[in-house]
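The values are calculated or read from the model by the stated rules, or taken from the named source; none is laboratory data. These numbers come from a predicted model, not from an experiment. Cβ: placed from backbone, ideal geometry, glycine included. Neighbour counts: every protein chain shown. With ligands, DNA and RNA removed, areas are computed over all heavy atoms of the protein, side chains included. Shrake-Rupley method; radii C 1.70, N 1.55, O 1.52, S 1.80 Å.
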Amino acid sequence: MSHERWLGLSSSSFWITGAGTGFGRAIAVALGCAGGRVFLTGRRKAKLEETLHEAEGFGADSRNFCLLPADITSESEISAVVEIMATAQPPLCGVVNSAALPQRRRVQWPLSEESVDFWNEILRTNLLGSWLVTKSALPVMVRHGAARVLFLTSEAGWANTAGFGQYNVCKAALNSLGFSMAEECAKRYPHLDVQMNVLVPGEAKTEMNHQGSNNSPYTVVSMALLLLSHPKGGPNGKFFHRDGRHLEFAYSSVYSKSVSDVQEFGGSK
């Protein structure tokens, strides 16, 4: 990304869920290193403190970070967090929905044998939690005229892998949520700069997937920062992969412009 866009991140505040581990931690650290104000949310305060220490190890100023432990499925806890961010300086303009639960592997055939309780748990976190966070933060962001929202999905959202049924369904639903919410915002706020997109972070060595890959979770940072720093007129309701690919989903076609070349900016969705 350009030096100007990197510096521009320092003039905004960002809210990262799932910020205590994995991709959420990596994006939070990168934003803090860029000088942005970063609000870290996760259920475990100790993990958020680890993120802060990691950021300090990269040279980030600890004063750029604010730890806000919360359960993203709790309306009261999310409301309290948003109330704190409502007066943030610089203003809140970005949200990254990274919090998620993995597929529980207690049974071989989860779509046939898993409990209703597990369905409720994974849907509340992997789908409804992202909806609650985003819809709660939107009024704060649009008040300042701009919003950048990322939903971190998975290739599971396009897949039908046996044994991962609930996770596949949640990520497909999250794709639809991001796509549909982006369109609703475009209709509701036609004169504002709202860019709400879905990003596939790919496989990495994270707490959720510690045995599945040797890739660093920091591999998602370049695409995440390009989307969060995009000037006005950028993509909305589009799908991207961390490796730079522009993806299709349902009626959302591939984004036809570059997200990194300023000369190509200025178009519509």
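Would you mind classifying region 110-237 by shape? Square roots of the alpha carbon gyration tensor eigenvalues, ordered a ≥ b ≥ c; an a/c under 1.5 is rounded, otherwise it is prolate if a/b is larger than b/c and oblate if not. Mind dumping the intermediate values first?
Numbers: a/c = 2.45, a/b = 1.51, b/c = 1.63.
In terms of gyration-tensor shape, oblate.
Legend: residue pairs 47/205; 187/232; 45/205, Cα-Cα distance threshold 18 Å; pairs beyond threshold, 45/205. How large is log10 I(q)/I(0) at q = 0.13, 0.17 Å⁻¹ when the Debye formula is applied to the Cα atoms of the chain, each weighted equally and without solvent? Here the Debye-derived log intensity ratios amount to -0.80, -1.44. Using θ = phi - 60° in the Karplus curve 6.51 cos²θ - 1.76 cosθ + 1.60, the 3J(HN,Hα) couplings for region 158-169 round to 10, 10, 9, 4, 4, x, 10, x, 5, 5, 4, 5 Hz; x is entered for Gly and Pro.
Toward the positive end of the charge dipole of region 96-196, with +1 on the Cβ of Lys and Arg and -1 on the Cβ of Asp and Glu, the farthest Cα among 103, 156, 138 is that of 138.
Each peptide in 77-83, 35-41, 184-190, 200-206 was scored by the mean count of other Cβ atoms within 10 Å over its residues; highest first, the order is 35-41, 200-206, 77-83, 184-190. Compactness of region 14-153 was expressed as the Cα radius of gyration divided by 2.2 N^0.38 Å, which yields 1.09. Surface exposure of region 1-141, expressed per residue as accessible area with a 1.4 Å probe, stands at 45 Å². The aspartates and glutamates whose alpha-carbon is closer than 15 Å to the alpha-carbon of residue 257, local same-chain residues fewer than 8 away aside, are 248.
Among DSSP beta bridges whose residues both lie in the chain, state the antiparallel percentage, nearest 5.
Antiparallel: roughly 10 percent of the beta bridges in the chain.
Compute the Cα gyration tensor for region 20-86, then decide on rounded, prolate or oblate, letting a ≥ b ≥ c be the square roots of its eigenvalues: rounded whenever a/c is under 1.5, prolate when a/b is larger than b/c in the other cases, and oblate in all that remain. Prolate shape, in that a/c is at least 1.5 and a/b is the bigger ratio.
Could you tell me whether region 141-199 comes out rounded, prolate or oblate from its Cα gyration tensor? Rule is a ≥ b ≥ c as square roots of the eigenvalues, rounded for a/c under 1.5, then prolate if a/b exceeds b/c, otherwise oblate. Display every interim value, and only then the final one.
Working: a/c = 4.28, a/b = 3.03, b/c = 1.41.
Because a/c hits 1.5 or more and a/b exceeds b/c, region 141-199 counts as prolate.
Given the rule -39500 (n - 2.57) for each run of at least 4 DSSP H residues, summed and divided by the residues of the chain, what is its mean residue ellipticity at 222 nm, to the nearest 500 deg cm²/dmol?
Calculated mean residue ellipticity at 222 nm is -11500 deg cm²/dmol.
Surface composition of the chain: carbon and sulfur make up 51 percent of the accessible area, probe 1.4 Å.
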